Amino acid sequence: MEPALAQLRQRLAEIDDLSRAQSVLWWDHDVWMPSRGGASRATQLATLEGLVHGKQIDPRIGELVDELAPYAADLPPDHLDACLIRVARRNWERATRVPVELAAELAQTEAEAHQAWVEARENDDFAAFRPWLERMLELRVRWAGHVGPDEPPYEVLLDEFEEGLRSEDVRAIFTVLQPELTALVAEHADDDADDVLRGPFAIDVQDRLSRELVEAFGGRWDAFRLDLTVHPFQVTFGQDDIRLTTRYAEDDLNSLFTAMHECGHGLYEWGSSPELDRTPLAGCWSSTLHESQSRLWENVVGRSLPFWRWFHPRVQRAFPDRLGDVSLDELHRAVNRTQRSFVRVDADETSYGLHIILRFELETALVSGELAVKDLPEAWNARFEELLGLEVPNDRLGVLQDSHWSSGSFGYFPTYLLGSVLSVQIAERAREAIPDLDEQFERGEFSELHAWLRENLYSLGSRLTPEDTIERIAGGPIDPQPYLRYLAEKLDAVAAA
């Protein structure tokens with residue numbers, strides 16, 4: 001079996017290398033590339049996608065996993081080789097169903113559609129973006145038809161981001177969450193309160209504080225970068241090459257939470273066991289688990305009172321004119337205040353889930369054909385007002401605010417809320433193992449939490465299925481009740497302070 005396993009590993013390593021190189025081009029496309037470079041970059045990405053896809057569907061990979069099947073069957077299911085063979089088979093079988101031409105066309109259209117989205121968002125011009133969204137939707141539905149011809153398209157798209165997850169599972173959880181979140185927002189919304197977090201806040205100081213947070217949580221600048229983009233994200237180019245992105249605005253401090261959020265993604269990728277490098281097991285391919293970590297560091301840690309007992313004097317010194325006289329309780333109340341707002345990435349922790357439920361409802365209707373792209377803004381505005389009680393003033397603050405649909409990422413949005421729910425379950429397990437976490441946070445010490453997560457979650461990469469990984473790290477399936485208790489208890493405490 002050794003020669004076959006070695007050959008499989010080599011082929012998978014080549015695919016991984018090419019995919020990482022492709023990621024570099026995507027990162028540059030979103031971060032540094034001049035706007036007029038979009039057309040040539042799109043063709044470059046299409047060419048490279050064709051090469052990658054050609055290697056992914058090589059018949060020899062199918063032959064190797066068949067040859068190795070008896071060997072894998074004799075191994076424990078969580079043995080590295082058994083996991084590698086299982087994931088290699090799944091990836092190969094899915095890839096072989098997709099024509100190379102379609103894979104390349106998707107890559108090129110994604111690059112072109114992203115540029116169109118950036119311009120449309122800046123100009124508040126949905127009409128200019130509409131044909132690109134229609135094209136991307138058509139391509140993704142066609143892709144789903146190849147991958148899962150006997151499944152509804154949305155189920156196939158959802159499975160791409162969260163293996164084994166079904167839309168009925170999402171709806172069951174969201175059906176519990178939506179009325180409870182709506183009630184919490186109605187009870188605690190403080191839309192007219194004086195916002196102590198209203199700037200101006202110098203951008204260079206925001207950048208310094210963001211970097212301080214990444215360092216405090218465990219990131220290192222010999223392995224991490226932090227750069228600017230329109231819509232923040234994280235991407236991994238290699239075991240020690242973690243790219244975070246953010247954006248700054250002088251009138252708020254949302255950048256600090258963006259830094260914590262993207263750092264959570266980066267720590268997860270960086271913590272993957274080195275033995276998984278250059279394999280499809282490196283990093284985490286479960287969007288729910290990934291989002292559990294961005295939301296854990298951003299919210300469960302970054303909005304907690306113990307954290308702000310440490311960080312409060314730092315932001316006071318950083319912005320003495322604006323925050324010098326703001327007390328700890330005032331600042332902690334401000335970062336946890338429930339306030340209905342238009343933009344998802346700037347939403348408070350409680351109303352955030354309603355933003356996700358909106359997008360899940362709309363994208364399932366788009367993919368099924370129940371909702372036409374031309375009617376999307378009207379549907380968005382109507383449902384947004386129902387869920388959050390606000391009348392959307394323009395498409396820039398409405399349907400154009402997120403980049404996900406421009407890239408065809410239908411099925412990604414629900415994992416944001418599922419990840420938020422799961423973050424609380426994981427945090428509860430961490431507190432059982434480390435009872436004095438709050439005291440550590442008050443001292444600005446986060447290394448023990450990072451180490452526990454690295455050992456118990458990050459190091460696993462994608463060895464296990466998402467379901468098995470969640471069972472291992474959280475002690476059971478995703479459960480909305482701990483999350484709802486966490487929000488209610490926090491909001492009551494903040495209100496009483």
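Worth pointing out:
- Candidate set from the range 257-286 (those that are aromatic (F, W, Y) and either touching a helix residue (DSSP H, G or I) at 6+ places or on another chain (Cβ under 7 Å) or under 15 Å from G238 (Cβ atoms) (or both)); member that is surrounded by the most Cβ atoms within 10 Å (Cβ to Cβ): Y268
- For L75, the requirement of being hydrophobic (A, V, I, L, M, F, W, C), assigned to a loop (DSSP other than H, G, I, E, B) and surrounded by fewer than 19 Cβ atoms within 10 Å (Cβ to Cβ) is met.
- Test: residue in the range 107-115 that is at pLDDT 95 or above and surrounded by fewer than 17 Cβ atoms within 10 Å (Cβ to Cβ): no
- Selection within the range 405-436: residues that are hydroxyl-bearing (S, T, Y) and not in a helix (DSSP H, G or I). The member of this set that is surrounded by the fewest Cβ atoms within 10 Å (Cβ to Cβ) is S409.
- Just one of the listed residues (D169, D195, D190, D204) is surrounded by fewer than 17 Cβ atoms within 10 Å (Cβ to Cβ), over 23 Å from D479 (Cα atoms) and at pLDDT 95 or above, and it is D204.
- Contacts under 6 angstrom Cβ, first residue in the range 94-110 being assigned to a helix (DSSP H, G or I), partner among the β-branched types (V, I, T), 6 or more apart: R94/V147; A95/I57; T96/I57
- Any chance R485 is closer than 16 Å to V300 by Cβ, of a type in the set (K, R) and in the same structural domain as R337 (by TED's automatic domain parsing): yes
- Where strands (runs of 3 or more DSSP E) fall wholly inside the range 143-260, the ranges with 1 or more residues that are among the basic types (K, R) are 224-228, 241-246.
- Given (1) farther than 20 Å from Q481 by Cβ; (2) surrounded by fewer than 20 Cβ atoms within 10 Å (Cβ to Cβ), index of the condition E180 fails: (1)
- Any hit, the range 314-321, residues being within 17 Å of L487 (Cβ to Cβ), in a loop (DSSP other than H, G, I, E, B) and out of contact with any His (no Cβ under 6 Å at 6 or more places or on another chain): no
- Looking across the range 49-71, the residues that are surrounded by fewer than 20 Cβ atoms within 10 Å (Cβ to Cβ) and farther than 22 Å from L139 by Cβ come down to D58, P59, R60, G62, E63, D66, E67, A69, P70, Y71.
- Every residue from the range 464-488 that is closer than 17 Å to A430 by Cβ and in a helix (DSSP H, G or I): T469, I470, E471, R472, I473, A474, P482, Y483, R485, Y486
- Counted residues, the range 356-389 - those being part of a helix (DSSP H, G or I) and without any contact (Cβ under 8 Å) to a residue 12 or more places away in the chain: 5
- Taken over the range 117-142, the criterion of being under 17 Å from D395 (Cα atoms), assigned to a helix (DSSP H, G or I) and more than 22 Å from the chain's Cα centre (by Cα) is satisfied by E119, A120, E122, N123, F126, A127, A128, F129, R130, P131, W132, E134.
Yes or no, residue by residue, for (1) assigned by TED's automatic domain parsing to the domain that holds H290; (2) closer than 25 Å to Y352 by Cβ; (3) of a type in the set (S, T, N, Q):
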| position | (1), (2), (3) |
| --- | --- |
| L139 | no, no, no |
| W143 | no, no, no |
| H146 | no, no, no |
| E151 | no, no, no |
| V156 | no, no, no |
| D159 | no, yes, no |
| E162 | no, yes, no |
| I173 | yes, yes, no |
| P179 | yes, yes, no |
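- When residues in the range 132-176 are screened for being over 23 Å from C284 (Cα atoms) and polar (S, T, N, Q), 1 of them pass.
- Flag if F257 is more than 15 Å from the chain's Cα centre (by Cα) and either assigned by TED's automatic domain parsing to the domain that holds G461 or closer than 18 Å to W26 by Cα (or both): no
- Evaluation of W285 against (1) within 18 Å of S23 (Cβ to Cβ); (2) within 13 Å of the chain's Cα centre (by Cα); (3) modelled with pLDDT of 95 or more (one fails), failing number: (3)
The values are calculated or read from the model by the stated rules, or taken from the named source; none is laboratory data. Remember, it's a predicted structure, so these values are computed and weren't measured experimentally. FYI the Cβ positions are ideal-geometry reconstructions off the backbone, even for glycines, and counts take in every protein chain you see.
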